[in-house]
Amino acid sequence: MNNPREDTSALRVDGGRLWSRLEALGEIGAVAGPNGERGCARLALTDSDRDGRDLVVGWMHDLGLAVTIDAVGNVVATRQGSDATAAPVMIGSHIDTVRTGGRFDGNLGVLAGLEVIETLEQYGIATRHPVSVAFFTDEEGARFQPDMLGSLVYVGGMALEDALDVRATDDGARLGDELARIGYAGPTPCPAAAAPHAYVELHIEQGPVLEDEGVTVGAVTGVQGISWTELTIRGQSAHAGTTPMRLRHDAGYVAAAINAGIRAIAREMGGTQVATVGRCEFSPNLVNVIPATVLMTVDLRNTDEALLQKSESSFHTLCDRMASEEGVTIERRSLARFEPVEFDPAMIDLVETTARRLGHSTRRMPSGAGHDAQMLARVCPTSMIFVPSVDGLSHNIAEYTHPADITAGADVLLQVVLAKAEQH
Ligand code: GLV
Ligand code: MN
Ligand code: MN
C-alpha cells in the first residue's frame, strides 16, 4: 500500500477506535433485552441525551476541534482547512434515539465523523476545506415533532421560535425549556449563517435490502416523503354490557378500522407506499367501558410525492367515512410533512465509485427512513452512505451492524470527504 501521508487514497480509518466509541456512547441510556440485546433509550433533550451529548462534545474537544452549540442545540465541531475562505465539508447525523432504539442509528454517522477527523489528525493530512462533524437536535421526533427538527431549523425550514415552543409528546415539556435545562441552548445563531460546501451522512440502512442481497455499501439516492398525522377520535363512553351494538359511538372501534384501513390502502397502492399506526391510546382504557376517546398517530410514506398525496387523500376519506358511520368526531393534526428528496447526482456517483474503488459491493437505493441529510440537501450537495442492518432491524434494541461493515462504511466516508475537501 502507498504511504497514506503522501497518497491520501490509501488512507483508512481505525475501525477498532470507532467501534470503542460506539460502545461507550451506547452505555449511556443503555437498555438490555431478555436475550442479551443491548439497545439505547436516549429520547431528545432528556438527561440521558445530555449525558450522551457531554461525552461526544468531550471527544470533540479532545481532538482540538472548534465546537459551537446553536440556539436549537445543534452541535458542530470543525477542523480548520488550509483555505480560510472555504466552507466546511460537513459530516453529520444525530445521537438522540427512540425509546426502544439501538446503538447505531444516528450515533454511527456522528462517531464515524469523529473517526474521519481523528484519522486526518493522526496522519497529519491538511485539507483545503475545513471538515466539520455535527449532531442535530431531535432527529427522531419520538418526543418532539416534527422529526429532523434541529436540521430543519438549521437550514431555515422552520422558525426557531416555533421549534422552541414545540411540546413533548410524553410530558408536555417545552422544547426550549428542556434545551436550557440540559445546558444546550447555545449562543450560535440558528439557522446557520452559511451553507456547508457539501454534506455526507453515514447511516445504517435500517431495512433488510443490503443484507438480503449481500451488498456492503448503499449509495443513497434520496429519502422518501413522510406524512405524520395525529388523530383524536371522540365518541361516547358507555357500558360495554348494556349498550346495543347499533347504538354505540365507539372511538376504539374507529381506531381499529382506521388502522386496518390504512394497511389496505398501502397494500392496494403497492410500490414503496407504507402505512403505520405507531401510537394508540384508549381512554378510559377499561375492560367494560366503550372507549370515549382515542389518540393515535398515522405514518404514511412514499418515494413519489403524487402517490403520497393519494395515500393521504384515501386516508382522509376513510376517516370521514368512519366518523359518519359510527357517529364520532375525528380531529386531524399534522405532526410532520416532508416531500421526497433527491440527493445530488455527483455526490451519489462519488459514493458509488468510492465504494467500488475500495473493493466493496455497492448498489443505489432510496432511504425509507428520514434523515438529517434530507434537510441539508436543501442548502448544499448532499449524499448518504448506507451499511447493512442485521435482519433489517432498527428502532429495535436488537439493532446491529457487523464491525467490518461499520469500518467499510467509515472508509468510504473518509474518502468521499477527502475528495470533497480538496475541491475548488
Ligand atoms: C426518523 O428517523 C424516521 O424515519 O422515522
Ligand atoms: Mn437515524
Ligand atoms: Mn431513527
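The values are calculated or read from the model by the stated rules, or taken from the named source; none is laboratory data. Treat the numbers as computed from the prediction; the structure is a model and nothing was measured. Cβ sites come from the backbone with ideal geometry, for glycine too, and all protein chains shown count toward neighbours.
Looking at (1) under 22 Å from Ala41 (Cβ atoms); (2) under 17 Å from the mean Cα position of the chain (by Cα), which is the only condition Leu152 fails?
(1)
Please specify each residue of segment 356-374 satisfying the condition of being closer than 27 Å to Phe338 by Cα and away from ligand 1 (no atom under 16 Å from the Cβ).
Those that are closer than 27 Å to Phe338 by Cα and away from ligand 1 (no atom under 16 Å from the Cβ): Arg363, Arg364.
I need the strands (runs of 3 or more DSSP E) fully contained in segment 1-110, keeping only those with at least 3 residues that are surrounded by 21 or more Cβ atoms within 10 Å (Cβ to Cβ).
Of the strands (runs of 3 or more DSSP E) lying wholly inside segment 1-110, those with at least 3 residues that are surrounded by 21 or more Cβ atoms within 10 Å (Cβ to Cβ) span 75-79, 89-93.
Within segment 181-223, which residues are small (Gly, Ala, Ser), in a strand (DSSP E or B) and either free of Cβ contacts under 8 Å to residues at least 60 places away in the same chain or more than 16 Å from ligand 1 (Cβ to nearest atom) (or both)?
Of everything in segment 181-223, those that are small (Gly, Ala, Ser), in a strand (DSSP E or B) and either free of Cβ contacts under 8 Å to residues at least 60 places away in the same chain or more than 16 Å from ligand 1 (Cβ to nearest atom) (or both) turn out to be Ala198, Ala219.
In segment 143-183, which residues are under 20 Å from Phe338 (Cβ atoms) and β-branched (Val, Ile, Thr)?
Residues satisfying the conditions are Val153, Val155, Val166, Thr169.
One line per residue, one yes/no per condition, for (1) under 16 Å from the mean Cα position of the chain (by Cα); (2) among the charged types (D, E, K, R); (3) farther than 18 Å from Ile182 by Cβ:
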| position | (1), (2), (3) |
| --- | --- |
| Pro34 | no, no, yes |
| Arg42 | yes, yes, no |
| Ser48 | no, no, no |
| Gly64 | no, no, yes |
| Gly92 | yes, no, yes |
| Phe104 | yes, no, yes |
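Please list, ordered by residue number, the strands (runs of 3 or more DSSP E) wholly in segment 231-313 having 2 or more residues that are modelled with pLDDT of 95 or more and closer than 26 Å to Thr221 by Cβ.
Counting at least 2 such residues, we get 274-276, 293-302.
For the condition within 16 Å of ligand 3 (Cβ to nearest atom) and assigned by TED's automatic domain parsing to the domain that holds Glu281, what is the one hit in Asp304, Asp320, Asp372, Asp299?
Asp299
Given the condition farther than 25 Å from Ala192 by Cβ and acidic (Asp, Glu), answer yes or no: does some residue in segment 31-42 qualify?
yes
Restricted to segment 79-122, and to residues that are in contact with a strand residue (DSSP E or B) (Cβ under 6 Å, 6 or more places away or on another chain), free of Cβ contacts under 8 Å to residues at least 60 places away in the same chain and more than 16 Å from ligand 1 (Cβ to nearest atom), which residue is farthest from Ala193 (Cα to Cα)?
Only one residue tops the list, namely Ile117.
Taking segment 353-406 as the region of interest, how many residues are more than 27 Å from Cys40 (Cα to Cα) and more than 16 Å from ligand 2 (Cβ to nearest atom)?
Qualifying residue count for the region: 16.
Could you check how many residues of segment 123-149 are within 12 Å of the chain's Cα centre (by Cα) and more than 12 Å from ligand 1 (Cβ to nearest atom)?
So the count comes out to 2.
For (1) away from ligand 3 (no atom under 16 Å from the Cβ); (2) not in a strand (DSSP E or B), each residue gets a yes or a no:
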| residue | (1), (2) |
| --- | --- |
| Ser132 | yes, no |
| Phe144 | no, yes |
| Gly157 | yes, yes |
| Ala163 | yes, yes |
| Gly172 | yes, yes |
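Here is a check on your reading of the model: is Gly124 away from ligand 3 (no atom under 13 Å from the Cβ) and surrounded by fewer than 24 Cβ atoms within 10 Å (Cβ to Cβ)?
Yes.
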